[in-house]
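Since the structure comes first, as structure tokens, the remarks are kept for the end.
The values are calculated or read from the model by the stated rules, or taken from the named source; none is laboratory data. All figures in this text were calculated on a predicted structure; none of them were measured in a lab. As a convention, Cβ positions derive from the backbone with ideal geometry for all residues, glycine included, and neighbour counts pool all protein chains shown.
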Amino acid sequence: MAENNSVPRVKEVAVRSGVSEATVSRVLNGNYKHGFSVRDEVRQRITEAADALGYRPNLAAKNLVKRQTKMVAILGSNIVIGWPGNIYQEIVNTLVKTLRVRGYDVCITVPSLEKDETELPNWKVDGVIVLQECSARTIEQMEKTNLSYVVINGVGGSKCSSVIPDDIEATRRAISYLADIGHRRIAYAGPTSSHKKHRSIDDRHNTYLSVLAEYNFEPIPGHDTVFRSAPAFLTSAVLENHATAILAYDHVEALKILHGAHVLNIQIPKQVSLMCFNDEYLCSIVTPSLTSIGMSLKQIGRIAAEKLLRHIESPRDNHPECIKLSQDLIIRDSTSPPPKQ
């Protein structure tokens, strides 16, 4: 190993393998241009020495040789690490696996998050995956430099592709399910003030209103206000306005409503049914388990990664598109027909 636990250098690999530093550098960085070649025996000796010392080739040097970084950046890490129980962990895991199979490494940076600054890393990358949103300055820079990028659950510029859940169809399906089992007083618990603005907020709320109108149902007061307190919401929607079912904007709000119902001694689903968006793991293990609308997060990650790879590797054959993915209705214990009057 290198002395004093320092990072091993090309010089140590060269000494150990008995060749020049230039030869080591070219072999380990894959630089076989201009007629350079080495015997298999020498190449093996160099790689074995590098492995024994724990040497890793310099990324910048490899990039210069290949003129391609084989590196993809994921933007939006604040969403992944800052919002407990969100949908993006499994999406990112699938993204990384799909990209690694094709020889791409992945980097995730934590930017300053000032919206007037770019969130791109300081090093060159071949492409970018954006989780939900990034700054307008970042989009402008990617568009100007023709950097390949795909946005998940959000919107980008004119040159990007996006992968989004079909929230309009999903909301319609949720309301229809509740109506089919007999509910006529259906409340909607909208997003909190901490939710970032993106298309699902309007898509879900507007579809709630339009589908209720088709059924000739009246919306329950509070559907258009910021969700601040589960007990306050339940008091208004259930105790005062006699809702028999609630559709929550996401699973986190549904969990808060479950707790609030316990505090107020409101029985779910005997007194009021509850369902939500985002079929996360917690939905299946709480009591009662939550009926939800969700989709395969692995599918989102895989499709986004494959779309980005096509953008990177065949830019002339790819055109920006919005890929909408349908969601599944998962019926569990938190919904039932309304109580008989």
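Please specify each residue of the range 216-232 satisfying the condition of being crowded, with 22+ Cβ neighbours inside 10 Å and over 23 Å from residue 167 (Cα atoms).
Passing the criteria: only 230.
List the strands (runs of 3 or more DSSP E) that sit entirely inside the range 159-265 and contain at least 2 residues that are under 30 Å from residue 144 (Cβ atoms) and either in contact (Cβ under 8 Å) with a residue 40 or more places away in the chain or among the hydrophobic types (A, V, I, L, M, F, W, C) (or both).
161-165
Going through the range 290-324 one residue at a time, which ones are more than 20 Å from residue 96 (Cα to Cα) and crowded, with 16+ Cβ neighbours inside 10 Å?
Passing the criteria: 290, 291, 292, 293, 294, 318.
Out of the residues in the range 139-158 that are touching a residue at least 24 places away in the same chain (Cβ under 8 Å), hydrophobic (A, V, I, L, M, F, W, C) and crowded, with 22+ Cβ neighbours inside 10 Å, which is farthest from residue 310 (Cα to Cα)?
152
Between 23, 69, which is closer than 30 Å to residue 325 by Cβ, modelled with pLDDT of 75 or more and either outside the structural domain of residue 312 (by TED's automatic domain parsing) or surrounded by 14 or more Cβ atoms within 10 Å (Cβ to Cβ) (or both)? Quick ask: steps written out before the conclusion?
Working: 23 fails: closer than 30 Å to residue 325 by Cβ.
Every option except 69 fails the conditions.
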